[in-house]
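The structure under discussion appears below in the form of structure tokens.
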Amino acid sequence: MVNDQMVNSMTTIILKPHKEESLLRFHPWVFSGAIARVVLDAKHKGDVPEEGELVCVQSSTSNVLGVGHWQVGSIAVRILSFGSDSLPADFWRTRIRAAYKVRESLGLVRKDNNTFRLVHGEGDNLPGLIVDIYADTAVVQAHSVGMHVCRTEIADAILAEVPQVQNIYYKSDDTLPFKAPIEGEKIGWLIHDQMVNDSEFWSVENGLSFRIDWLRGQKTGFFIDQRENRALVERYAHGKDVLNMFCYTGGFSLYALRGGAKTVDSVDVSQKAIDIVEANVKRNFPDCTNHRAIAADAFDYLNDQINAKMVNGQMVNGYDLIILDPPAFAKHRDAVKNALRGYQRINAKAIEMIRPGGILFTFSCSQAVDKEAFRLAVFSAAAQVGRSVRILHQLHQPQDHPINIYHPEGEYLKGLVLYVE
Ligand code: SAH
């Protein structure tokens, strides 16, 4: 395996003939099947690279293709830098600065908006890394051991490059490969100002305050990826009875209330999420009397509504605007079929119960379900119910969750806004 003639300070991965083509097109993953051999660096203890180790990738003709993090699994290397055989000393600061500049130039860094995604993995040329900013606190999530190993350098770079950040919390207990031998804590403060109150922490999105609970909450504490779609709900909400299904901490609900909704019902199966929705509504609309937060299962709730609202075969009451933003029904490719059935079922319920002239915002955040498949599931739901449905908008992830054009796998969030006659 080891080639003595190679004097390299870094482990080198040599690809099979012609397997360099995707890397020459800047796709950042090297699959294990593309590797011909591994030349370990001189200092190496074991006989295979260590998970998380920085490695250099070369073509079969010894062309340097780039450097990246080694992983155990079908994606063997995630490239950090193309065309070079090492990372410059200021690598992390340069990449974090570039990511921050994009958010700044997009107008996401404002007094009335201090909530945004700073780093979106491959979309920011940092595969395996997620960083979300909530006011003065960054929440960092590693999806690869390589990023875990570099967490301190990453934290230092964020602190140096993002003026608003004073605290950095690391939350990778659910995202790191669970079989990997991992040294160091997967969760906890990397940089902590004693003043931060993590049991009552507030962040602002488009002028609305949200309680963020990164310790106990889902993902990094909040779903920043729906910001633009929530703003669209605000435009449609005036005078409407709104149902925000799978509401989590009530993002869509607050925008609907600000948009002048007549009533808003927020439903989620998690009581913890519902408690935060109540706190969020109280903070933003202290005198609000037209909001209800309900802890319930989505299917039970929709079925109960349908049964309770049918009088002489006609739907009475109900909702004018429904938002369906379920968790990813398919986490893997092999779960896609079931996921599509799930999307069809839940959308059929919503299309059945919405009032004539109603607006349905429906989403899928399953990366494995592409937009055509999702649209087909919603089409099947509409056909099953037999109502006339028009597509008003096709929605996607926002600009701080960019898709690297060379890495189309980065596209995951899709939505449709439907007019139901
Ligand atoms: N729309 C939210 C994010 C939704 S995340 C926002 O803008 O922030 C998906 C939510 O679905 C989670 O809060 C989860 O608790 C909830 N959920 C999962 N299964 C559910 C079910 N069967 N019924 C109701 N809610 C469910």
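Filter region 192-233 down to the residues that are away from the ligand (no atom under 13 Å from the Cβ), touching a Phe, Trp or Tyr at 6+ places or on another chain (Cβ under 6 Å) and closer than 23 Å to L257 by Cα and list them by number.
S209
May I ask you to list the residues in region 150-187 that are touching a helix residue (DSSP H, G or I) at 6+ places or on another chain (Cβ under 9 Å) and of a type in the set (F, W, Y)?
Hit for region 150-187 is Y170, nothing else.
Of all the residues that make up region 198-230, how many are small (G, A, S) and either part of a strand (DSSP E or B) or free of Cβ contacts under 8 Å to residues at least 24 places away in the same chain (or both)?
The total comes to 3.
Does region 84-122 hold any residues that are part of a loop (DSSP other than H, G, I, E, B), surrounded by fewer than 13 Cβ atoms within 10 Å (Cβ to Cβ) and not charged (D, E, K, R), and which are they?
Passing the criteria: P88, A89, G107.
Could you check R258 against (1) more than 12 Å from the ligand (Cβ to nearest atom); (2) closer than 21 Å to W202 by Cβ; (3) buried (at least 23 other Cβ atoms within 10 Å of the Cβ) and say which number it fails?
The single condition R258 does not satisfy is (3).
Applying the selection to region 278-296, what residues are of a type in the set (S, T, N, Q) and either surrounded by fewer than 21 Cβ atoms within 10 Å (Cβ to Cβ) or at pLDDT below 95 (or both)?
Hits for region 278-296 are N284, T289, N290.
I'm told L321 meets every condition in (1) closer than 29 Å to G207 by Cβ; (2) hydrophobic (A, V, I, L, M, F, W, C); (3) over 24 Å from the mean Cα position of the chain (by Cα); (4) within 13 Å of the ligand (Cβ to nearest atom) except one. Can you identify the failing condition by its number?
(4)
Determine whether F379 is farther than 25 Å from Y248 by Cβ and either among the aromatic types (F, W, Y) or within 15 Å of the ligand (Cβ to nearest atom) (or both).
Against the criterion (farther than 25 Å from Y248 by Cβ and either among the aromatic types (F, W, Y) or within 15 Å of the ligand (Cβ to nearest atom) (or both)), F379 qualifies.
Given the condition polar (S, T, N, Q), in the same structural domain as I133 (by TED's automatic domain parsing), surrounded by fewer than 23 Cβ atoms within 10 Å (Cβ to Cβ) and modelled with pLDDT under 95, answer yes or no: does some residue in region 204-218 qualify?
No - not one qualifying residue is present in region 204-218.
Take region 127-161 and flag every residue that is part of a loop (DSSP other than H, G, I, E, B) and over 20 Å from D198 (Cα atoms).
P127, G128, H143, S144, C150
Looking at (1) in contact (Cβ under 8 Å) with a residue 60 or more places away in the chain; (2) surrounded by 21 or more Cβ atoms within 10 Å (Cβ to Cβ); (3) out of contact with any Lys or Arg (no Cβ under 7 Å at 6 or more places or on another chain), can you tell me which one K179 breaks?
(2)
Taking the conditions exactly as written (more than 9 Å from the ligand (Cβ to nearest atom), within 21 Å of P398 (Cα to Cα), touching a Leu at 6+ places or on another chain (Cβ under 8 Å) and of a type in the set (A, V, I, L, M, F, W, C)), does L243 satisfy them or not?
So L243 fails the test.
Report yes if V38 is in a loop (DSSP other than H, G, I, E, B) and among the hydrophobic types (A, V, I, L, M, F, W, C), otherwise no.
No; evaluated as a whole, the condition is false for this residue.
Is region 291-311 home to any residue that is in contact (Cβ under 8 Å) with a residue 40 or more places away in the chain, hydrophobic (A, V, I, L, M, F, W, C), closer than 24 Å to R235 by Cα and out of contact with any Phe, Trp or Tyr (no Cβ under 7 Å at 6 or more places or on another chain)?
yes
Can you say whether G128 is of a type outside the set (S, T, N, Q) and touching a helix residue (DSSP H, G or I) at 6+ places or on another chain (Cβ under 6 Å), as far as the supplied structure shows?
So G128 passes the test.
Within the set of pairs 6 or more residues apart or between chains, which connect a residue that is farther than 20 Å from D297 by Cα and not assigned by TED's automatic domain parsing to the domain that holds Y301 inside region 330-359 to a residue that is at pLDDT 95 or above and surrounded by fewer than 16 Cβ atoms within 10 Å (Cβ to Cβ) with Cβ atoms less than 6 Å apart?
Correct list of pairs: empty, since none qualify.
So D275 passes all but one of these: (1) farther than 27 Å from G107 by Cα; (2) in contact with a Ser or Thr (Cβ under 7 Å, 6 or more places away or on another chain); (3) surrounded by fewer than 24 Cβ atoms within 10 Å (Cβ to Cβ). Which condition number does it fail?
(2)
The values are calculated or read from the model by the stated rules, or taken from the named source; none is laboratory data. Here the structure is a predicted model, which is why all the values come from computation and not from measurement. Here Cβ is always computed from backbone atoms with ideal geometry, including for glycine, and neighbour counts include all displayed protein chains.
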